[in-house]
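Chemist: To start, I am sharing the structure in question, which I have written as structure tokens.
The values are calculated or read from the model by the stated rules, or taken from the named source; none is laboratory data. All values reported here derive from a predicted model rather than from experimental measurement. As a convention, Cβ positions derive from the backbone with ideal geometry for all residues, glycine included, and neighbour counts pool all protein chains shown. The accessibility values were calculated without ligands, DNA or RNA, using every heavy atom of the protein model including side chains. Shrake-Rupley method; radii C 1.70, N 1.55, O 1.52, S 1.80 Å.
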Amino acid sequence: MIYTVTFNPSLDYSIRIDDFKTGVLNRTSYEEIRVGGKGINVSIVLTSLGVENVALGFIAGFTGEEIESGMQKLGCKTSFIHLPHGFSRINVKLSGEQETEMNGMGPAVSPKTVDQFMLRLQRLLKPGDTLVLSGSIPHSMPQDIYERILETIDTNEIRVVVDTSSNLLRRTLAFHPFLIKPNLMELGELFERSLVEYDDIVGCAKHLQEEGACNVLVSMGSEGAILVTEEGQVFSAPAPAGNLVDSIGAGDSMVAGFLAGYMERGSMVDGFAKGIAAGSATAYKAGLATREEIAAIAQYS
């Protein structure tokens, strides 16, 4: 079983105002509400690809109920902890002459509820399972929660995938995660420099392996991706041809596609190919790509 973790899921409210002005009434010309959060996105794409998984995390209030309902309508399995106070966050993306994003805080998570989550996770995980840890950590939670989780599990028995940034990612490496997926900017931030050259990117990925990561998948937007495996193989491929519509969720889709492809035959090559197809298919549309859209991209890439 694959379990995804999203500590601060959201409802993402996307709107367009063609001539936005402050201090006056503005009217939208387009609006859409989608369930959001990095692990949530991974679960939705995995479900579309026919890969069984369960989404974990915290939800609260009327927005939390909508998140859970929205995922279940998409066929996703969930095992959220319902918080007694507050409401799950709403993130607003305003499109117009410029793009502006406003992210909500989300509900406070008490130490007692964190303990409840840890017990649930320990009860659920079995040898052979995969655990996906995605995104940032709410301020109300311990900032070392990823490390606390990894301290309680055997990463030789449980595949761990980590998709986060900065020190949150680096501090998980000592636990030898099966896969990490920094994007090119995040990889550069870890080494405090801009990365452009292929050899430099591969060198930084290998350095993260020296720190403990098993496999490193670097997403690079329109430039495609690079995968450095624990066997020392290096795969790279450009993104399939297409027009960028919305990059939100593309990296999460790449993680889902990689896992789906890898689990079919235990092949890194298959995982890499499906990961690029899934990431690109999401980038070339509004919302997350479906199984059919991913297959269409893979066919012509």
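Chemist: For region 1-45, enumerate the residues that are open to solvent by 40 Å² or more (accessible area, probe 1.4 Å) and aromatic (Phe, Trp, Tyr).
Modeler: Within region 1-45, TYR13, PHE20, TYR30 meet the criteria.
Chemist: To continue, here is another question. If we keep just the residues of region 185-209 that are open to solvent by 50 Å² or more (accessible area, probe 1.4 Å) and in contact (Cβ under 8 Å) with a residue 12 or more places away in the chain, which is nearest to ALA239 (Cα to Cα)?
Modeler: TYR198
Chemist: Scan region 93-147 for residues that are surrounded by 15 or more Cβ atoms within 10 Å (Cβ to Cβ) and in a strand (DSSP E or B) and report the count.
Modeler: Summing the residues that are surrounded by 15 or more Cβ atoms within 10 Å (Cβ to Cβ) and in a strand (DSSP E or B) in region 93-147 gives 8.
Chemist: Can you name every residue in region 46-76 that is of a type in the set (S, T, N, Q), buried (at least 19 other Cβ atoms within 10 Å of the Cβ) and out of contact with any strand residue (DSSP E or B) (no Cβ under 7 Å at 6 or more places or on another chain)?
Modeler: Across region 46-76, the qualifying residue is only SER48.
Chemist: Here is a list: ILE145, ILE149. Which entry is touching a Leu at 6+ places or on another chain (Cβ under 8 Å) and not hydroxyl-bearing (Ser, Thr, Tyr)?
Modeler: Testing whether each residue is touching a Leu at 6+ places or on another chain (Cβ under 8 Å) and not hydroxyl-bearing (Ser, Thr, Tyr) leaves just ILE149.
Chemist: In region 148-158, how many residues are more than 14 Å from GLY212 (Cα to Cα) and open to solvent by 40 Å² or more (accessible area, probe 1.4 Å)?
Modeler: Adding up the residues that qualify gives 5.
Chemist: Pairs, please: C-beta under 8 Å, at least 6 apart or cross-chain, first residue open to solvent by 80 Å² or more (accessible area, probe 1.4 Å) and in region 238-256, second of a type in the set (A, V, I, L, M, F, W, C) and not in a loop (DSSP other than H, G, I, E, B)?
Modeler: Qualifying pairs under 8 Å: LEU244/ALA283; VAL245/ALA283.
Chemist: Under the condition of being in contact with a helix residue (DSSP H, G or I) (Cβ under 7 Å, 6 or more places away or on another chain), free of Cβ contacts under 8 Å to residues at least 60 places away in the same chain and open to solvent by 10 Å² or more (accessible area, probe 1.4 Å), which residue from region 170-183 is nearest to GLY251 (Cα to Cα)?
Modeler: Restricting to residues being in contact with a helix residue (DSSP H, G or I) (Cβ under 7 Å, 6 or more places away or on another chain), free of Cβ contacts under 8 Å to residues at least 60 places away in the same chain and open to solvent by 10 Å² or more (accessible area, probe 1.4 Å), the top hit is ARG170.
Chemist: Based on what the data block shows, is ILE81 in contact (Cβ under 8 Å) with a residue 12 or more places away in the chain, β-branched (Val, Ile, Thr), open to solvent by less than 30 Å² (accessible area, probe 1.4 Å) and within 27 Å of ILE149 (Cα to Cα)?
Modeler: yes
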